[in-house]
Amino acid sequence: MSKPTHDSRLDPAATDDVYAAIMAAHDGLTDAQSHALNARLVLLMANALGDADEVATLCRTARVYAG
Amino acid sequence: MPAYEHTPEPFKRPPELDGGRSNAPVAIVGAGPVGLALAVDLAQRGVACTVLDDNNVVSVGSRAICWAKRTLEIFDRLGVGQRMLDKGVTWKVGRLFHGDDPVYDFDLLPEEGHAYPAFINLQQYYVEEYLLDRAKEFPDLIDLRFLSKVTDHTPTETGVALTVETPEGRYTLDADWMVACDGAGSPTRKRMDLAFEGQTFTEQFLIADIEMEGEFFDGPPERWFWFDPTFHPGKSALLHQQPDNIYRIDLQLDRDTDAESVADEETVLPRIRAIVGDRPFRLDWMSIYTFRCITLDRYVHGPVIFAGDSAHVVSPFGARGGNGGIQDIDNLGWKLAAVIAGEAPRALIDTYDTERRRAARENIVNSARATNFMTPKTPIEALFRAETLRMAHDQPFARRIINSGRLSTPCALTGEALQTPGTAPLEPGRALLDAPLGDDWLVRVMPDGFVLLGIGTVVLPDVAGIARMGIDQNADYPCYPDRDGYALDRYGRDRAYLIRPDGHVAAVFDTPTAQAVERARDRALGRMLEDA
Ligand SMILES: Cc1cc2nc3c(=O)[nH]c(=O)nc-3n(C[C@H](O)[C@H](O)[C@H](O)COP(=O)(O)OP(=O)(O)OC[C@H]3O[C@@H](n4cnc5c(N)ncnc54)[C@H](O)[C@@H]3O)c2cc1C
């Protein structure tokens, strides 16, 4: 199955900042709370992207790995 | 048994035991890499010191093995860089595995035009041996005292009085300054009851050096890192090559492992065999560590100064411990020498505290993040990491997220009080960048002390106490051609840089006047600071 390739759009330092920020957002939550937080985060980020086509592409990429 | 032969240093009876006294202004507690580097740095500036170490051999066990480019440049200045480069194993490719599959590899220094590589691997005992040999070249300035344990210190009117225990008795050593380079367990820090708190990682790591004949890697040496390999399920592993056919293996252990039970050869050898296959090997050294990321709140306490592991410790992923300690010395050496010579106010020493704590914070953030990534604390952290690794096989963005250690880079001191603000390709506060100059290298031809560096048509004024150096210039001070254009790329054309004795940019000028250069130099010497 072909999937789109996603290059990094963050520089290395910012990449680590972003990952740390996401981990911090989950800090102290139960699994169920984390699951819900992820859903909110995805919706917020999709809105921040502001591009329905791009969101659809990202959904496709993410889905490929579910198999 | 380690292959490296430790030569015990002799105990020499110090004058204090017979009613004499030494006049060295600086007492250095600890002859690890940091204490020895400081002794050499000070000696090169004409400042005498006494080095006290409770032991009489260099590091037992290889411990630090990765030395970064900036550190090697500092070692070059201290007269040991080339020897380390010649002996060390140069590597620049890191290879990452998930399970047993290669995920990707990265080139650490894709950029040409540097005398020193991004990293070399060299056992800590060699680093200490070379520094010790170098220190012995200054018999009039460096008083090396082994089997000399500092058991107490008290402030005096002019500095500190240290109590030293030796095989032949106890004595008091007076000094104006005492630099505690006495390691992570610093007795000085404990004696002063200073808080030393931070993140402690509960995971244990088994660190082993093995000796193995023949070439393990097909090409040049590499760094191999595994997440969740089949030979060590659910954990991480690291393999590195060192000189003398020695290889370093790090294995993450279970959180609640009983250290005693895993540290026996019967448990360790099969795991190593799983990594190296059927090649014959010999276990050289092995130890179990837990790691912390911690710093003191202050590195300067009157005449007592902390440097290296006594001031801050980090987990080793990113190789920021020893490298950070040597960079402490680079920052401290010239400041201490300037204050002792009466050229700068004592307040200059406080900028060692602010500048190096900033660097330590950076090192701690990076080391802690790498360790967090390697040892997920919660199911959600483990999930994020698993999905990152899954996507990293074919998604470039996910590769960048993988964190097996962000390797040591010099801290930019931008915006700190000693720097004169300005804009240039290399901003004030940044560490100088090497470049090929004629048949030599910028880091090798830099004069000592403050340097005014001019590139292209800029005219450099003659200011007392500041050496001048030109690139693509023709003048009556040393000038070098920018052989392949790297210097121009990195520094820009037609401008001047005032470089501090530790190679950080103090100020930049389009048209440097003697007055402006002098003012920037005075500022960099702390003469504009309020004495605390
Ligand atoms: C497994 C491991 C791997 C590592 N890998 C790396 C790496 O790849 N790269 C890197 O940069 N760093 C690495 N480090 C960190 C590095 O080893 C340390 O940062 C470094 O040794 C610190 O040097 P130091 O001189 O401050 O302290 P130390 O090397 O600990 O030296 C302190 C000295 O003080 C002496 N001393 C102590 N108390 C007294 C006293 N009361 N009187 C007199 N003398 C005293 C001791 O005998 C010792 O000689 C690693 C560390 C470990 C444990």
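None of the figures in this text is laboratory data; all of them are computed from the coordinates on show. For clarity, every value in this text was computed on a predicted model and none was experimentally measured. Ideal geometry is used to build each Cβ from the backbone, glycine not excepted, and the neighbour counts take in all protein chains shown.
Among the residues of the stretch B:434-445, those that are crowded, with 22+ Cβ neighbours inside 10 Å and not small (G, A, S) comprise B:D434, B:L437, B:L442, B:V443. Have a look at B:R83, B:R70 and point out the one that is under 24 Å from B:L238 (Cα atoms) and either touching a residue at least 24 places away in the same chain (Cβ under 8 Å) or acidic (D, E) (or both). Only one candidate qualifies: B:R70.
Only one of the numbered conditions (1) part of a loop (DSSP other than H, G, I, E, B); (2) crowded, with 24+ Cβ neighbours inside 10 Å; (3) more than 9 Å from the ligand (Cβ to nearest atom) is violated by B:I305, and that is (1). In the stretch B:14-40, of all residues being part of a helix (DSSP H, G or I) and more than 10 Å from the ligand (Cβ to nearest atom), the one that is farthest from the other protein chains (Cβ to nearest Cβ) corresponds to B:D18.
Tally the residues that are touching a Lys or Arg at 6+ places or on another chain (Cβ under 8 Å) and crowded, with 24+ Cβ neighbours inside 10 Å, restricting the search to the stretch B:63-77. Reasoning before the result, please.
Narrowing the stretch B:63-77 to residues touching a Lys or Arg at 6+ places or on another chain (Cβ under 8 Å): B:65, B:76.
Then drop every residue that is not crowded, with 24+ Cβ neighbours inside 10 Å, which leaves B:65.
So the answer is 1.
Each residue in the stretch B:458-511 was checked for being on the phi > 0 side of the Ramachandran plot and surrounded by fewer than 20 Cβ atoms within 10 Å (Cβ to Cβ), and 5 pass.
Results for (1) within 15 Å of the ligand (Cβ to nearest atom); (2) of a type outside the set (A, V, I, L, M, F, W, C); (3) within 26 Å of the chain's Cα centre (by Cα); (4) surrounded by fewer than 18 Cβ atoms within 10 Å (Cβ to Cβ), shown as yes or no for each residue.
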{"site": "B:D107", "(1), (2), (3), (4)": "no, yes, yes, yes"}
{"site": "B:E112", "(1), (2), (3), (4)": "no, yes, yes, yes"}
{"site": "B:V127", "(1), (2), (3), (4)": "yes, no, yes, no"}
{"site": "B:L132", "(1), (2), (3), (4)": "yes, no, yes, no"}
{"site": "B:L141", "(1), (2), (3), (4)": "no, no, yes, no"}
{"site": "B:V150", "(1), (2), (3), (4)": "yes, no, yes, no"}
{"site": "B:T158", "(1), (2), (3), (4)": "no, yes, no, yes"}
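Taking the criterion of being of a type in the set (D, E, K, R) and away from the ligand (no atom under 11 Å from the Cβ), would at least one residue in the stretch B:309-325 satisfy it? No; the residues of the stretch B:309-325 include none that is of a type in the set (D, E, K, R) and away from the ligand (no atom under 11 Å from the Cβ). Taking only the stretch B:387-413 into account, find how many residues are buried (at least 19 other Cβ atoms within 10 Å of the Cβ), more than 16 Å from the ligand (Cβ to nearest atom) and of a type outside the set (A, V, I, L, M, F, W, C). Residues meeting the conditions: 5.
Given the criteria within 30 Å of the chain's Cα centre (by Cα) and not polar (S, T, N, Q), does B:E203 qualify?
Working: within 30 Å of the chain's Cα centre (by Cα): yes; not polar (S, T, N, Q): yes.
Considered against the rule, which asks whether it is within 30 Å of the chain's Cα centre (by Cα) and not polar (S, T, N, Q), B:E203 comes out as yes.
Pairs are defined by a Cβ separation below 7 Å, a sequence spacing of at least 6 or placement on different chains, a first member in the stretch A:1-30 that is touching a residue at least 40 places away in the same chain (Cβ under 8 Å), and a second member that is surrounded by 15 or more Cβ atoms within 10 Å (Cβ to Cβ); the pairs so defined are A:K3/A:T61; A:P4/A:T61; A:H6/A:T61; A:H6/B:Q395; A:H6/B:F397. Can we say B:E427 is among the acidic types (D, E) and within 14 Å of chain A (Cβ to nearest Cβ)? Answer is no for this residue. Among all residues of the stretch B:247-270, there is none that is in contact (Cβ under 8 Å) with a residue 12 or more places away in the chain, of a type outside the set (D, E, K, R), closer than 17 Å to B:P102 by Cβ and part of a loop (DSSP other than H, G, I, E, B).
The residue of the stretch B:308-336 that is surrounded by the fewest Cβ atoms within 10 Å (Cβ to Cβ), among those that are of a type in the set (V, I, T) and within 22 Å of B:F205 (Cα to Cα), is B:V313.
Would a scan of the stretch B:404-423 turn up a residue that is among the basic types (K, R), more than 26 Å from B:L78 (Cβ to Cβ) and within 14 Å of chain A (Cβ to nearest Cβ)? Walk me through it before giving the result.
As a first pass, look at the stretch B:404-423 and keep what is among the basic types (K, R): B:406.
Within this subset, residues satisfying the condition of being more than 26 Å from B:L78 (Cβ to Cβ) are none.
No, there is no match, as no residue in the stretch B:404-423 is among the basic types (K, R), more than 26 Å from B:L78 (Cβ to Cβ) and within 14 Å of chain A (Cβ to nearest Cβ).
Within the stretch A:8-22, the set of residues being under 19 Å from B:A386 (Cα atoms) and not hydrophobic (A, V, I, L, M, F, W, C) comprises A:S8, A:T15, A:D16, A:D17, A:Y19.
Restricting attention to the stretch B:229-241, and to residues there that are more than 24 Å from the chain's Cα centre (by Cα) and touching a residue at least 40 places away in the same chain (Cβ under 8 Å), which single residue is surrounded by the fewest Cβ atoms within 10 Å (Cβ to Cβ)? Restricting to residues being more than 24 Å from the chain's Cα centre (by Cα) and touching a residue at least 40 places away in the same chain (Cβ under 8 Å), the top hit is B:T230. Only residues that are surrounded by 13 or more Cβ atoms within 10 Å (Cβ to Cβ) and not in a helix (DSSP H, G or I) were counted in the stretch B:184-228, giving 28. For B:D522, the stated conditions hold: it is closer than 30 Å to B:R346 by Cα, surrounded by fewer than 17 Cβ atoms within 10 Å (Cβ to Cβ) and under 28 Å from the mean Cα position of the chain (by Cα).
Among the helices (runs of 4 or more DSSP H) confined to the stretch B:338-428, the ones with at least 3 residues that are touching a Phe, Trp or Tyr at 6+ places or on another chain (Cβ under 7 Å) and not hydroxyl-bearing (S, T, Y) are located at B:347-374, B:379-392. Applying a threshold of 7 Å to beta carbon distances and a minimum spacing of six or more residues, or different chains, the list of pairs starting in the stretch B:167-196 at a residue that is within 14 Å of chain A (Cβ to nearest Cβ) and in contact (Cβ under 8 Å) with a residue 24 or more places away in the chain and ending at one that is within 15 Å of the ligand (Cβ to nearest atom) and of a type outside the set (F, W, Y) is empty. For the stretch B:366-397, the candidate set comprises residues that are at the interface with another protein chain (Cβ under 8 Å from one of its Cβ atoms) and over 20 Å from A:H35 (Cβ atoms); within that set, the residue that is nearest to the chain's Cα centre (by Cα) is B:N366.
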